[in-house]
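What follows is a single structure, written as structure tokens, with notes after it.
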Amino acid sequence: MKITINGKSCEGVEGQTVLEVARAGGFNIPTLCHLADLTPTGACRICVVEVDGMRNLVAACSTPAAEGMVIRTDSERVLSARRFIVELLVSCHPLDCMTCEKTGDCTLQNLAYELGVTGSRMEGDRYDYPVDSSNPFIVRDYNKCILCLKCVRVCNEIQGIEAIKTTQRGFDTKVATAYDNTLQDSTCVFCGQCVQACPVGALTEKKAKGLGRAWETRKVRTTCPYCGVGCQQELHVKGEQIVKVMAVEDGSPNKGRLCVKGRFGYDFIYSDERLTTPLIKENGSFREASWDEALDLVANKFKQIIAESGPDAIAGVSCARSINEDSYQMQKLFRAVIGTNNIDHCART
Amino acid sequence: MTNSFGEFADAKMFLCIGTNMTEAHPVAATFLKNALRKGAKLVVVDPRRQPLAKLADIHCQINVGSDIAFLNGLMNVIITENLYDKEFVANRCDNFEAFKTKIMEYPVERAAEISGVKPETIREVARLLSTVKPAMLCYTLGITEHTTGKDNVMSTANLQLLLGNMGMPSAGVNPLRGQNNVQGACDMGALPNVFPGYQKVIDPAMREKFARAWNVEKLPENNGMMMPHMMEALPDRKIRAFYIFGENLANTEPDIHKVERELASAEFLVCQDIFPTETTRFAHVVFPAASWSEDDGTFSSSERRVNRVRKVKTPPGEAKPNWWIFKEIAKRMGHTWESNSSQEIWDNEVSVLAPALGGIKYSRIEEDGLQWPCPTLEHPGTAFLHRDGMFTHGKGVFNPVDWKAPAEIPDREYPFVLSTGRRLYQYHTRTQTGRSGMNFLMSEETADISPADAQKLGIQQDERIKVRSRRGEVEVRARVTEQVPPGMVWMSFHFREGSANWLTNAVYDPATMTAEYKACAVNLERL
Ligand code: SF4
Ligand code: SF4
Ligand code: SF4
Ligand code: FES
């Protein structure tokens, strides 16, 4: 299928939306409520484009691409429609971007910047909701919520938890748990999927607070250190500090998902209880030692035991959490150097 | 896993047995839930009415440790009602007749009596399983942590062979691994009987191959000891030096009193860890290690996928990469090893020596990992095993197995069966989760008991009670919940104080030496 976007011919396949074809062709159409894996709701209309032969602007995320369509994504009509939406959103937004955790990675901020919306043209009512930071992981500030409902949909349709939904109508529409309880008093499982989905600063990671701005962090792909699913994480790192953890959107196997441990269980590595020096026990208590001293002690003891009792008097267990290369190296030490197959790990738990 | 997580979302049917997936493998469970939304069927076999069971079309609430009786009864119905995949069984499988003879000893009424599941329910499951194809069978430690663990595993495989649910997408036998790199530690040969890549140490050709690669004259010929035997050999000094890398055995092994006696008796104990633990207390030497995010490397997930792990910070103080520590010991014992980084170890040693990993190099897994078998650099990796019923040994083999009761069953003195497992917000002995804020969501151990038993014993929600077994006793709060059936107590081992492992029974499956964490007898007392 061929369609024309801003004068350029683009290839698409049956079943793709205008948004998908445009993105594949390198055109940037903004979205707020769109979620790649879920059925579009067409709720925010920020993604509108102009289609030749159609009277109204259409939402790119929910309009199927069709052979021969001629589309403009950047006409004045499109831009002014977008500007109007953003002005409405900005008019009731707190605009404390200076201290907002989302600054630099906020879709609303980016749109306002691109469309030249300053927020001065309209002055709307602001919300006055209390900010919920009563748990260690997720801060909820619904004063900043633009009601895109992504959080609700990922909670329900991706994670299958159904902890949050919209309540009330009109200006007072709000996302809330049952009875408007805190997350810890709801069915929430703290997977943080809603935080990853939120395009603005309404849902943010509490631990990330003050640790670094979006443009200061480098993104490092890695694998979750907890269960055997092997979820792919994107660490946001400033210097040596992990600021926050996101899921790799298209990574296998987790396709943008994490659980509470994978998303929020990372900072044990910074604990001041870490072991930082080799220790040798003397008269019942530990004293610090140099690597040379500790390594020599172990190697000499092993040599002595091998000489006296043979290599099978030594045994070891490897770690089921550390990297493959470490386990390989340990079994090699036992087999090739010590000379025993007494090497195991807790394979069974 | 024979199959992959990526196949969950399109699966038509799941049989989940002994897996608390929503808590222990939460992201896997989200894909399962997505499939259910699209109309997939779910049968859960589990003594507890845990969250997954609540989503099930049929929940078979079996008695603890009755898995084989239940599965044999199920297969009895499938065979007697002619519901099995005759073509697959005839062409792709061996040993059906002997298997069938065994299965005939488990008429559905007998299975029902042992498992506590009604005969009609077992029949219903059999019929459902035979109408929806393929089905993915998933299990976790509910299958393996029994004295009959190995037989339990074979029984699940028998069922999938019988139904012809092997060698295609969204099918197979899928053990979900508890820890991030249990799969990898096995693949790497941290096992007493195999070199990396499951090449047997008793095979002279393999010994020769590895001796050449490792530049040594010979390698030990006999299988080594498994972990429980190692520890049991400490008191009489049959094992004189014990090297523990990363494991917190003093909390994770059954019967903490026994484990600590053993550890305390060690002549020479070396521990290598990122934190001081209950286990390092017993060490003579402690090595401080680099942790996750402090070294480059790979983990292998349950679906046999080799994924990259990356370094973002330097280890604290003098802590060093683990591979470096092993290399330094080797050097001091007269062996110079060449590889000097995780990448060199993987690319130049592991993937050269393990045929199934031969095609996996760091350069190929910059983004998504590759699933072994991946024998060549061109190979795309393997999402599911036994394609078209081609098994490693030619055909799939039925293994007739008998049901046996757990080693310790409730009696007058200890009338409850204790089963153990993991909870969502904590992980193992909390060395990691206990230091990342999770205590807010779960701050102490509880004994989960049924409302019926709570009422009988006059125990209130959250009341502190004593749980006692022949090995020890703990005081914990009672969590009265519909999840647990009468006669059962359920606990985890995350908190040292109140850990189930003060109570658990150090008896093992004779083949795998996996402990029976899922069944022992306890008593409950009000304080
Ligand atoms: S953290 Fe997860 S469960 Fe809780 S509201 Fe967000 S998406 Fe839902
Ligand atoms: S909290 Fe965020 S994701 Fe949820 S509706 Fe508001 S803006 Fe959208
Ligand atoms: S994010 Fe959760 S489900 Fe994924 S690997 Fe980590 S612990 Fe497992
Ligand atoms: S992104 Fe298309 S309508 Fe919201």
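The values are calculated or read from the model by the stated rules, or taken from the named source; none is laboratory data. Bear in mind the structure is a predicted one, so any value in this text is a computation, not a measurement. All Cβ positions, glycine included, derive from the backbone under ideal geometry; neighbour counts span all protein chains shown. Keep in mind that these areas ignore ligands, DNA and RNA; they rest on the heavy atoms of the full protein, side chains included. Shrake-Rupley method; radii C 1.70, N 1.55, O 1.52, S 1.80 Å.
Data for the structure
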| read-out | value |
| --- | --- |
| Whichever residue in the range A:275-294 is without any contact (Cβ under 8 Å) to a residue 12 or more places away in the chain and within 41 Å of the chain's Cα centre (by Cα) and, among such residues, is farthest from the other protein chains (Cβ to nearest Cβ) | A:GLU288 |
| Within the range B:239-259, tally of residues that are more than 7 Å from every other protein chain (Cβ to nearest Cβ), farther than 17 Å from A:ALA320 by Cα and either in a loop (DSSP other than H, G, I, E, B) or open to solvent by 10 Å² or more (accessible area, probe 1.4 Å) (or both) | 4 |
| Unmet criterion (only one of (1) outside the structural domain of B:SER301 (by TED's automatic domain parsing); (2) open to solvent by less than 40 Å² (accessible area, probe 1.4 Å); (3) not aliphatic (A, V, I, L, M)) for B:GLY359 | (1) |
| From B:LYS395, B:LYS331, residue being open to solvent by 70 Å² or more (accessible area, probe 1.4 Å) and modelled with pLDDT under 90 | B:LYS395 |
| Residue identified as assigned to a loop (DSSP other than H, G, I, E, B) and crowded, with 20+ Cβ neighbours inside 10 Å among B:LEU418, B:LEU377, B:LEU424 | B:LEU424 |
| Odd one out for B:TRP403 among (1) without any contact (Cβ under 8 Å) to a residue 24 or more places away in the chain; (2) over 30 Å from A:SER271 (Cα atoms) | (1) |
| Residue match in the range A:199-214 (condition: within 14 Å of chain B (Cβ to nearest Cβ), within 16 Å of ligand 2 (Cβ to nearest atom) and open to solvent by 10 Å² or more (accessible area, probe 1.4 Å)) | yes |
| Hey, B:GLU344 part of a loop (DSSP other than H, G, I, E, B) and surrounded by fewer than 18 Cβ atoms within 10 Å (Cβ to Cβ) or not | no |
| A:LYS261 being at the interface with chain B (Cβ under 7 Å from one of its Cβ atoms) and part of a helix (DSSP H, G or I) | yes |
| Test: residue in the range B:333-346 that is facing chain A (nearest Cβ under 7 Å), hydrophobic (A, V, I, L, M, F, W, C), in contact with an Asp or Glu (Cβ under 7 Å, 6 or more places away or on another chain) and in contact (Cβ under 8 Å) with a residue 40 or more places away in the chain | yes |
| Residue in the range A:231-254 that is within 9 Å of chain B (Cβ to nearest Cβ), buried (at least 19 other Cβ atoms within 10 Å of the Cβ), within 16 Å of ligand 3 (Cβ to nearest atom) and free of Cβ contacts under 8 Å to residues at least 24 places away in the same chain present | yes |
| Residue match in the range A:204-218 (condition: without any contact (Cβ under 8 Å) to a residue 24 or more places away in the chain and under 24 Å from B:GLY369 (Cα atoms)) | yes |
| Matching residues, the range A:304-349, being in a loop (DSSP other than H, G, I, E, B) and within 36 Å of the chain's Cα centre (by Cα) | A:CYS319, A:ALA320, A:ARG321, A:SER322, A:ILE323, A:CYS346, A:ALA347, A:ARG348, A:THR349 |
| Residue check, B:SER293 of a type in the set (Ser, Thr, Tyr), within 22 Å of A:CYS227 (Cα to Cα), open to solvent by less than 10 Å² (accessible area, probe 1.4 Å) and more than 23 Å from the chain's Cα centre (by Cα) | yes |
| Residue match in the range B:397-416 (condition: among the polar types (S, T, N, Q), in contact with a helix residue (DSSP H, G or I) (Cβ under 6 Å, 6 or more places away or on another chain) and outside the structural domain of B:LEU74 (by TED's automatic domain parsing)) | yes |
| Qualifying positions in the range B:199-230 - free of Cβ contacts under 8 Å to residues at least 12 places away in the same chain and either within 30 Å of B:VAL507 (Cβ to Cβ) or among the basic types (Lys, Arg) (or both) | B:LYS200, B:ARG212, B:LYS218 |
| Any hit, the range A:101-124, residues being outside the structural domain of A:ASP37 (by TED's automatic domain parsing), within 11 Å of ligand 1 (Cβ to nearest atom), within 27 Å of A:PRO30 (Cα to Cα) and outside any helix (DSSP H, G or I) | no |
| Among residues of the range A:146-187, those that are outside any helix (DSSP H, G or I) and open to solvent by 20 Å² or more (accessible area, probe 1.4 Å), counted | 17 |
| Members of the range A:151-196 found to be among the aliphatic types (A, V, I, L, M), within 14 Å of chain B (Cβ to nearest Cβ) and within 16 Å of ligand 3 (Cβ to nearest atom), listed by number | A:VAL154, A:ILE158, A:ILE161, A:VAL189 |
| Residue check, A:ASP272 assigned to a loop (DSSP other than H, G, I, E, B), away from ligand 2 (no atom under 16 Å from the Cβ), open to solvent by 20 Å² or more (accessible area, probe 1.4 Å) and more than 8 Å from chain B (Cβ to nearest Cβ) | yes |
| Residue within the range B:175-198 that is of a type in the set (A, V, I, L, M), free of Cβ contacts under 8 Å to residues at least 24 places away in the same chain and open to solvent by 40 Å² or more (accessible area, probe 1.4 Å) present | no |
| Count of the range B:221-236 residues which are closer than 12 Å to A:ALA315 by Cβ and in a loop (DSSP other than H, G, I, E, B) | 5 |
| Complete set of residues in the range B:481-505 that are over 21 Å from B:ARG412 (Cα atoms) and surrounded by fewer than 23 Cβ atoms within 10 Å (Cβ to Cβ) | B:THR481, B:GLU482, B:GLN483, B:SER492, B:PHE495, B:ARG496, B:GLU497, B:GLY498 |
| A:ILE138, sole failed condition from (1) within 14 Å of another protein chain (Cβ to nearest Cβ); (2) of a type in the set (A, V, I, L, M); (3) more than 24 Å from A:LEU203 (Cα to Cα) | (3) |
